[in-house]
Amino acid sequence: MKLYYAPGACSLSGRISLHEAGLAAEFERVDIKTKTTEHGYDYVAINPRGYVPLLVLDDGNAVSENTAILEFIAGLDANLAPGGLLGRTRLIEMLSWLSTELHVAFKPLWHSEDEAERAAAIEAVAQRLALIEEHINELYLFGPRFTVADAYLFVMLRWAQAFDVPISAPMLGYFERVAERPTVRRALTEEGLFVPLPSIDVSSIEALI
Ligand SMILES: N[C@@H](CCC(=O)N[C@@H](CS)C(=O)NCC(=O)O)C(=O)O
């Protein structure tokens, strides 16, 4: 399998999910501005929609749309989805919402210079994050089990922090919990994004007591 990605983009959720599933994959970086891959190929010829992620399977079939890719990976490792038929439907429900409501709400923050539009987008993202907070009453979105939806929400929370969207303490706690997973640290490291938590300066330890 090969995942076309851009560092820190929504494709990071696919990389995390592949690592969670223990699946071997190649990763090819795409410059999403010039639409060129790291090996110099025209990305639009590979994915006419021009977006990352794209997952190309070993038989040559290509899956586009982040939610479809995440659902596909959950199909390869049932541990990455809530159990049962209704659980699977709940996963699709959550992935759809993350994509069509939360992810899309960030668009002006990526593409607009207009301050009013940006402020409205920050508010829209904050409202949407507040709406899903109630789902995290245990460790993750679906209770104690980490699913592909958590990988997607983690990426959205990285963006939210980069754009100074206010984030509640429980949501921040959730973010830090996900960030500590070895697969997430590995994925961030591979994309050149891993930032270790600041270590405590022992020379000022008295100030902490
Ligand atoms: N509908 C697509 C959208 C994916 C998407 O927005 N990808 C962004 C990175 S997170 C991208 O490739 N942007 C490039 C562009 O806007 O040209 C999906 O859900 O997979």
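The values are calculated or read from the model by the stated rules, or taken from the named source; none is laboratory data. What you see is a predicted model; the values in this text were computed from it and never measured. Glycine gets a Cβ as well: all are built from the backbone with ideal geometry, and neighbour counts include every protein chain shown.
Some observations on this one:
- Which numbered condition PRO108 misses (of (1) in contact (Cβ under 8 Å) with a residue 24 or more places away in the chain; (2) within 16 Å of the ligand (Cβ to nearest atom)): (1)
- Residue satisfying condition, being of a type outside the set (Ser, Thr, Tyr), within 16 Å of the ligand (Cβ to nearest atom), closer than 27 Å to PHE146 by Cβ and not assigned by TED's automatic domain parsing to the domain that holds HIS111, within set ASN66, ASN47: ASN66
- Residue list for the stretch 69-85, filter: touching a residue at least 24 places away in the same chain (Cβ under 8 Å), within 25 Å of VAL104 (Cα to Cα) and away from the ligand (no atom under 12 Å from the Cβ): ILE73, ALA74, LEU80, ALA81, PRO82
- Condition check for ASP42: more than 24 Å from LEU193 (Cβ to Cβ) and either under 19 Å from the mean Cα position of the chain (by Cα) or within 16 Å of the ligand (Cβ to nearest atom) (or both): yes
- Matching residues in the stretch 50-63 - criterion: being more than 12 Å from the ligand (Cβ to nearest atom) and buried (at least 18 other Cβ atoms within 10 Å of the Cβ): VAL56
- Top-ranked residue in the stretch 1-39 [being under 20 Å from the mean Cα position of the chain (by Cα) and among the β-branched types (Val, Ile, Thr); ranked as nearest to the ligand (Cβ to nearest atom)]: ILE32
- Taking residues in the stretch 182-199 that are among the charged types (D, E, K, R) and part of a helix (DSSP H, G or I), and partners anywhere that are at pLDDT 95 or above and surrounded by 15 or more Cβ atoms within 10 Å (Cβ to Cβ), the pairs with Cβ atoms closer than 8 Å and at least 6 places apart or on different chains are ARG185/ALA179; ARG186/HIS19; GLU190/ARG15; GLU190/PHE27.
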